[in-house]
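Take this structure, written in structure tokens, and hold onto it; I'll ask about it next.
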Amino acid sequence: MKELNLQLKDTEWPLEYIDHDRQIVRAIVFDDQENYYFVRAKRDDDFGKATLIETSGGGVEAGEDLETALKRELKEELGAEVEIMHKIGIVSDYYNLIHRHNINNYYLCKVTSFGEKHLTRDEIEDFHLSTLRLSYRNAEEEYKKCAETKIGKLIAARELPVLRRVKVLLGE
């Protein structure tokens, strides 16, 4: 199956300029019981007050390859060791408010084990990051509910097509 390749625009905030690109890795993570793992973020910042669902992942560090970055991020945020099953594709999106273009590289990963998380201070204190274990249907509903905020709309527009592609990849 051809990789997903989406180009999205930020329609929530006006575009003034974009001054940087950020290479990001993200994953739809699942287990043998058909549970899906996400992060819950509670934020109150320039984007507004919002409680969100999001795939686990983050920025790729200088000199780091995508798969190494992905495994590091999933270990940090979920405490998960994973098997990378498939690259889903790339979703390019923008956060006009912070003048950033995101290049989101999405993967499908299966959990092999869980251990200790290694969250950053910002993830703990600013975003109150926690793990969500959801069925596919509940994950879809969470994204729709969180899309009632401006930042939630951007995240849902980016992640719902990826989640739906996973359903096809897993033959559901």
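Looking at Val91, is it in contact with a helix residue (DSSP H, G or I) (Cβ under 7 Å, 6 or more places away or on another chain) and closer than 21 Å to Asp21 by Cα? Write out each step before concluding.
Details: in contact with a helix residue (DSSP H, G or I) (Cβ under 7 Å, 6 or more places away or on another chain): yes; closer than 21 Å to Asp21 by Cα: yes.
Considered against the rule, which asks whether it is in contact with a helix residue (DSSP H, G or I) (Cβ under 7 Å, 6 or more places away or on another chain) and closer than 21 Å to Asp21 by Cα, Val91 comes out as yes.
Looking at this structure, is Leu119 among the aliphatic types (A, V, I, L, M), surrounded by 14 or more Cβ atoms within 10 Å (Cβ to Cβ), within 19 Å of Leu160 (Cα to Cα) and in contact (Cβ under 8 Å) with a residue 12 or more places away in the chain? If you could, list the steps in order and put the result at the bottom.
Numbers: among the aliphatic types (A, V, I, L, M): yes; surrounded by 14 or more Cβ atoms within 10 Å (Cβ to Cβ): yes; within 19 Å of Leu160 (Cα to Cα): no; in contact (Cβ under 8 Å) with a residue 12 or more places away in the chain: yes.
It is false that Leu119 is among the aliphatic types (A, V, I, L, M), surrounded by 14 or more Cβ atoms within 10 Å (Cβ to Cβ), within 19 Å of Leu160 (Cα to Cα) and in contact (Cβ under 8 Å) with a residue 12 or more places away in the chain.
Within the stretch 1-50, work out how many residues are in contact with a Lys or Arg (Cβ under 7 Å, 6 or more places away or on another chain), polar (S, T, N, Q) and surrounded by fewer than 16 Cβ atoms within 10 Å (Cβ to Cβ).
Counting residues in the stretch 1-50 that are in contact with a Lys or Arg (Cβ under 7 Å, 6 or more places away or on another chain), polar (S, T, N, Q) and surrounded by fewer than 16 Cβ atoms within 10 Å (Cβ to Cβ) gives 0.
Follow-up question, since we're still on this one. In this structure, does Leu78 turn out to be modelled with pLDDT of 95 or more, farther than 21 Å from Val168 by Cβ, buried (at least 22 other Cβ atoms within 10 Å of the Cβ) and of a type outside the set (Lys, Arg)? Step through it out loud before you land on a result.
Working: modelled with pLDDT of 95 or more: yes; farther than 21 Å from Val168 by Cβ: yes; buried (at least 22 other Cβ atoms within 10 Å of the Cβ): yes; of a type outside the set (Lys, Arg): yes.
It is true that Leu78 is modelled with pLDDT of 95 or more, farther than 21 Å from Val168 by Cβ, buried (at least 22 other Cβ atoms within 10 Å of the Cβ) and of a type outside the set (Lys, Arg).
Would you mind finding the one in Thr68, Thr112 that is farther than 20 Å from Leu170 by Cα and surrounded by fewer than 19 Cβ atoms within 10 Å (Cβ to Cβ)? Break it down into steps so the answer makes sense when it comes.
Numbers: Thr112 fails: farther than 20 Å from Leu170 by Cα.
Criteria check complete, one pass: Thr68.
The values are calculated or read from the model by the stated rules, or taken from the named source; none is laboratory data. Fair warning: this is a prediction, and the values are worked out from it, not measured in the lab. Here Cβ is always computed from backbone atoms with ideal geometry, including for glycine, and neighbour counts include all displayed protein chains.
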